[in-house]
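The values are calculated or read from the model by the stated rules, or taken from the named source; none is laboratory data. On a predicted model such as this, the values are computed, not experimentally measured, just so you know. Because the Cβ atoms are built from the backbone with ideal geometry, glycine has one as well, and the counts that use them run over all protein chains shown.
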2 protein chains.
Amino acid sequence: MMREYLGEIYRLQSTPEGATTSLLAERLEVSPSAVVRMLRRLAEAKMLTHVPYKGVTLTPAGEREALKSIRRHRLLEVFLVKVMGFGWEEVHAESHGLQLTISEAFEDRMDAVCGYPTHCPHGDPIPTKDGRIAPTNDQPLTEVGVGASAVVRRVKTDDAGKLRYLAELGLVPGTPIHVVNRAPFNGPLRLQIGAGAKPTEHVIGTEIAQVVRVEVVK
Amino acid sequence: MMREYLGEIYRLQSTPEGATTSLLAERLEVSPSAVVRMLRRLAEAKMLTHVPYKGVTLTPAGEREALKSIRRHRLLEVFLVKVMGFGWEEVHAESHGLQLTISEAFEDRMDAVCGYPTHCPHGDPIPTKDGRIAPTNDQPLTEVGVGASAVVRRVKTDDAGKLRYLAELGLVPGTPIHVVNRAPFNGPLRLQIGAGAKPTEHVIGTEIAQVVRVEVVK
DNA sequence: GCGCGAAGTTAACCGAGGTCAACATTGAAC
DNA sequence: GTTCAATGTTGACCTCGGTTAACTTCGCGC
């Protein structure tokens, strides 16, 4: 459990808001008081430093543990999709409980059975066993200029509905796209999705576009 | 957790000793008092009737839950061996934690991915989703007469060492054998193991022979 | 039929992980 | 500078699953 908290702290630390008590509570689906108590325990265990009312910083040890949690989580997601046949919109819910009980041996077997994947189904990099994580270099689709070409890298949502919709559109990591047009005042985007024989054109709203992160190709 | 207790009660009810408090405690690796408390809770939930100092009987509802637990456990064992590549001597330990957290959807996926197996790696039948379980008709190898031919059906041990040894010998469910000879006073057995091109001969002690259950072929 | 060891039970406790209600701090608006 | 809403924290409580220590009850040997 402590490790899962650390994983979530790590994830939130790299967002603009940082790892606040209330965000952690929301992401972990527990009350803020549960979070605060866990922060104290993690501080005692030298996994982080917690200055009340100020914030939280992972120690190197805490970061190591966090990356273990993230590795486990993302491997599990790949495994659920590639081996067990779940849809990528189902894995978030499904991996919740599993995450807590799989052994290290099981984790290693998942890794092997999936062919040592480097990214989770949503495009996030999987930390290596020794705690190294590939850097990401992408931006929200909303920030890409009209006329640009790009490749979808990550999809930053856990919402099953959105994920189902994105899969339908073909907006999954690896897909090349082209921004045809954007309506004014943060209006919807017209996109060409896919390449080769039959690219398709779709119009997507900003709520969806914000969630899709792409790497622009020159 | 309650369901796992029920599963163990069901298993023990079909042994000569029955489902006693101390046997349950031993199998579940908890103290007897933990068992008694759980028995009270299960009785409150109308899963069984518990007469203090006397014993325990599953209600129909309790039996249904027990079979669900057993199904889950045995499916998990098949899955760990066939899909994840664990040895059949490792699955007992490995399935302990997993058992508690897998969802029904995950269970269904395991079933499908394994090709809807009917027996676990140790030969025990897997209950169907609607709670029906195939009858077993086998006897300990120790009770088979000299000269008889039989097929290994089940292997009744969780001991990793014994299981490894049995796998080495080829004494796994499905293997045909022939009892060549038995030393007097419950002495070791000489067996022909396997059929066709190259059956092998081995001598096994009674401790191992007790654990191997076979069906005699006429 | 008594005594005694084994088996079963109860009681009091622990820690983890959650809740809600009350209190403290912060910072932004006026 | 004060006020106040949002955010963070503490405290008292719950459940669950485990423990040990002390107790009953059972049934066997004599």
Filter result (within 13 Å of DNA strand D (Cβ to nearest atom) and either more than 23 Å from residue A:97 (Cβ to Cβ) or not in a helix (DSSP H, G or I) (or both)) within segment A:16-33: A:17, A:18, A:19, A:20, A:21, A:22, A:30, A:31
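One line per residue, one yes/no per condition, for (1) under 30 Å from residue A:91 (Cβ atoms); (2) free of Cβ contacts under 8 Å to residues at least 24 places away in the same chain:
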| residue | (1), (2) |
| --- | --- |
| B:109 | yes, yes |
| B:114 | yes, no |
| B:121 | yes, no |
| B:126 | yes, no |
| B:143 | no, yes |
| B:155 | no, no |
| B:175 | no, no |
| B:198 | no, yes |
| B:203 | no, yes |
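So that you can scan it fast, the table gives a plain yes or no per residue for (1) among the hydroxyl-bearing types (Ser, Thr, Tyr); (2) within 16 Å of DNA strand C (Cβ to nearest atom); (3) modelled with pLDDT of 95 or more:
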| position | (1), (2), (3) |
| --- | --- |
| B:36 | no, yes, yes |
| B:46 | no, no, no |
| B:73 | no, no, yes |
| B:84 | no, no, yes |
Given (1) closer than 21 Å to residue A:13 by Cβ; (2) more than 16 Å from DNA strand D (Cβ to nearest atom); (3) away from every other protein chain (no Cβ under 14 Å), number of the condition residue A:99 does not satisfy: (3)
Filtered residues of segment A:13-32 (kept if away from DNA strand C (no atom under 13 Å from the Cβ), surrounded by fewer than 18 Cβ atoms within 10 Å (Cβ to Cβ) and touching a residue at least 12 places away in the same chain (Cβ under 8 Å)): A:13
Scope segment A:35-64; condition within 8 Å of DNA strand D (Cβ to nearest atom) and without any contact (Cβ under 8 Å) to a residue 12 or more places away in the chain; matching residues: A:37, A:40, A:50, A:51, A:52, A:53, A:54
Qualifying residue in segment A:74-82 (condition: closer than 19 Å to residue B:96 by Cβ, within 14 Å of chain B (Cβ to nearest Cβ) and of a type outside the set (Gly, Ala, Ser)): yes
Residue B:95 being among the hydroxyl-bearing types (Ser, Thr, Tyr) and under 20 Å from residue B:29 (Cβ atoms): yes
Leading residue by the ranking (farthest from the chain's Cα centre (by Cα)) among those in segment B:33-72 that are farther than 16 Å from residue B:14 by Cα, surrounded by fewer than 18 Cβ atoms within 10 Å (Cβ to Cβ) and of a type in the set (Val, Ile, Thr): B:51
Those residues of segment B:73-105 which are in contact (Cβ under 8 Å) with a residue 60 or more places away in the chain and surrounded by 20 or more Cβ atoms within 10 Å (Cβ to Cβ), in sequence order: B:73, B:88, B:89
Helices (runs of 4 or more DSSP H) contained in segment A:104-218 and holding at least 2 residues within 14 Å of chain B (Cβ to nearest Cβ): A:104-113
Condition met for residue A:206 (under 30 Å from residue A:64 (Cα atoms), surrounded by 12 or more Cβ atoms within 10 Å (Cβ to Cβ) and not aromatic (Phe, Trp, Tyr)): no
Residues of segment A:153-196 satisfying the condition of being buried (at least 17 other Cβ atoms within 10 Å of the Cβ) and among the polar types (S, T, N, Q): A:157, A:175
Filter result for the condition that a residue is in contact with a Gly (Cβ under 8 Å, 6 or more places away or on another chain) and more than 16 Å from DNA strand C (Cβ to nearest atom), over B:69, B:95: B:69
